[in-house]
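Working notes, beginning with the structure itself.
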Amino acid sequence: MGNWKKAILQSITTPQELSKVFPIDTNAITQVTKRYPMRITQYYLSLIKYCEDPIWRQCVPDSKELLEDNLKIDPLNESSFSPIPGLIHRYPDRVLLLVSSSCATICRFCLRKSWVGSDFGTPIKELIEQAIIYIRKYPKIRDVILSGGDPLLLEDEIIEEILERLRKIPHIEIIRIGTRIPVTLPERITHHLCKILKHYHPIYVNTHFNHPQEITPESSAACQELVDAGCPLGNQTVLLKGVNDDPEVMRQLMQKLLAIRVRPYYLHHMDPVRGTSHFRTSIDVGLNIMSQLRGYTSGLAVPYYVIDLPGGLGKVPILPDNIKKEGGKLILRNYLGQWVEYQDID
Ligand SMILES: *Cc1c(COP(=O)(O)O)cnc(C)c1O
Ligand code: SF4
C-alpha cells in the first residue's frame, strides 16, 4: 500500500480522536459531524499552531455550521446544469467532472459541503462511461476540468484511464485538474503519478492554498514535482473570514506561491452555501485586498477576484473602480489613486 493511502487511513475523522490532540467540546462537534463529515490528515493537523488559528478554522468542525442561515445547499444551481450526474456543463466549451466525492481533508467552507465526504454519487466507472459519451457528442467542448471532491484521491490506474479516454476525443484541447492534495496530503504527489500526468499533456493543475502557513517544505516539494512534470500550476484561493481576509496575509500568500512556481489564478468570493455563513465577508473586504495587491506586488502575484453569480449565471471578475468618463474624456486611476486622463481613439 502506498504511503499516501496509509495517511488517509490514519487521518482524523471523529471528534474523539481530535480531542486527544486539542481541547474540544466533543459533544458539540459530534452534532456537526452527524450532518457534515470531518476528515483531517495528520499532516494538515500538524500545521495548526494554536486553537482557532487559520488552519484550524478551515478543517475543525464548528457549531456555527448548524446555524439556521437560510442559505442554499446548491447556490450555483449546479444540479440543473448537470445533464448526467457528476458532469456540470455551464459554459459552452468546458465541462466540470466530479470524479471523486471525497477529500484528504474536508474544508468546512466547501462549496459542495453537503455532498463532499458522503458516499453517494455515481460510481466512478459509470460516471466515466457516461461522461465520455456525452463529451463525444458535443464537439464544442474543448476543456475538461476534473474536480470533486479531489480527483487525486483516485487510484493512479483510474486517473490514467480517465486521462487516456479523454485524450482520445479529438476536440478536447486541454484537461485541468482541480486538487487540494498538494496542500493537505503532499506525499500523494508521487513520481508515479507525475509520470502518468506527463503522458497526457497539456494538463493544467489548479491547487488551493488559502494561507501562507500552508506553504511548507512538503507542500512546496509537491508543487515542484507537478511543475517539473510539465503541469502549469495555478492556485484558487477562497476569501475566508478569520483565515485570510487581510491584505498583508493575502500578499504574503500570493508572493510565496510565486516563489514555489504556483501562479495565483482566482480569489473566490465565498459562495452563499448552507452551513458556511461564518466564513463570509463583504465584497468590500475583497476589493480592498485587491487594491492593496495591484501595483504593490508583482503583477504575476495578482489573481482575478471572482464571484460566482447565484443560480449558475457564471463567474464575474470584480475590479476596484478605475475608469470613468468626464465630459467625453476617459480618466483612469492608478494604484496610488491618481486619476489620469487617457487619450482614447475616436
Ligand atoms: C469555474 C467553472 C469552470 C471554469 O471556469 P474558468 O473561468 O474557465 O476557470 C467551468 N465550469 C464550471 C461549472 C465552473 O464553475
Ligand atoms: S478540497 Fe475542495 S472539494 Fe474538497 S472539501 Fe475542500 S473545498 Fe471542498
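Just so you know, all these numbers are worked out from the coordinates, no wet-lab data involved. Here the structure is a predicted model, which means the values were calculated and not measured. Glycine also receives a Cβ, built like all others from the backbone with ideal geometry; neighbour counts cover every protein chain displayed.
Report whether or not Arg188 is touching a residue at least 60 places away in the same chain (Cβ under 8 Å), within 16 Å of ligand 2 (Cβ to nearest atom) and out of contact with any Lys or Arg (no Cβ under 8 Å at 6 or more places or on another chain). Considered against the rule, which asks whether it is touching a residue at least 60 places away in the same chain (Cβ under 8 Å), within 16 Å of ligand 2 (Cβ to nearest atom) and out of contact with any Lys or Arg (no Cβ under 8 Å at 6 or more places or on another chain), Arg188 comes out as yes. The set of residues in the range 268-300 that are free of Cβ contacts under 8 Å to residues at least 24 places away in the same chain and either among the charged types (D, E, K, R) or within 23 Å of Leu257 (Cα to Cα) (or both) comprises Asp284, Gly299. Which of the residues that make up the range 128-146 are among the small types (Gly, Ala, Ser) and surrounded by fewer than 20 Cβ atoms within 10 Å (Cβ to Cβ)? Of everything in the range 128-146, nothing turns out to be among the small types (Gly, Ala, Ser) and surrounded by fewer than 20 Cβ atoms within 10 Å (Cβ to Cβ). Out of Ile203, Ile215, one residue alone is under 28 Å from Arg94 (Cβ atoms) and buried (at least 19 other Cβ atoms within 10 Å of the Cβ). It is Ile203.
Here is a yes/no grid of residues against (1) within 16 Å of ligand 2 (Cβ to nearest atom); (2) among the charged types (D, E, K, R); (3) part of a helix (DSSP H, G or I):
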position: Arg57; (1), (2), (3): yes, yes, yes
position: Glu65; (1), (2), (3): yes, yes, yes
position: Asn70; (1), (2), (3): no, no, no
position: Ser80; (1), (2), (3): no, no, yes
position: Val95; (1), (2), (3): no, no, no
position: Ser102; (1), (2), (3): yes, no, no
position: Ile128; (1), (2), (3): no, no, yes
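On the basis of being more than 24 Å from Leu258 (Cα to Cα), touching a helix residue (DSSP H, G or I) at 6+ places or on another chain (Cβ under 8 Å) and not basic (Lys, Arg), does Glu173 make the cut? No, not satisfied. Screening Leu76 with (1) closer than 29 Å to Asp245 by Cα; (2) away from ligand 1 (no atom under 16 Å from the Cβ); (3) in a loop (DSSP other than H, G, I, E, B) gives one miss only, at (2). With respect to being away from ligand 1 (no atom under 16 Å from the Cβ) and within 21 Å of Tyr265 (Cβ to Cβ), Gly295 fits the description.
Residues in the range 193-245 that are closer than 17 Å to Ala104 by Cα and among the small types (Gly, Ala, Ser): Ser219, Ala222. Considering only residues that are within 12 Å of ligand 1 (Cβ to nearest atom) and exposed (fewer than 15 other Cβ atoms within 10 Å of the Cβ), look in the range 84-127 and name the one that is nearest to Arg35 (Cα to Cα). Among those residues, the one meeting the criterion is Tyr91.
If you scan the range 257-306, which residues turn out to be farther than 29 Å from Pro37 by Cβ and among the charged types (D, E, K, R)? The answer is Arg261, Arg263, Asp284, Arg294.
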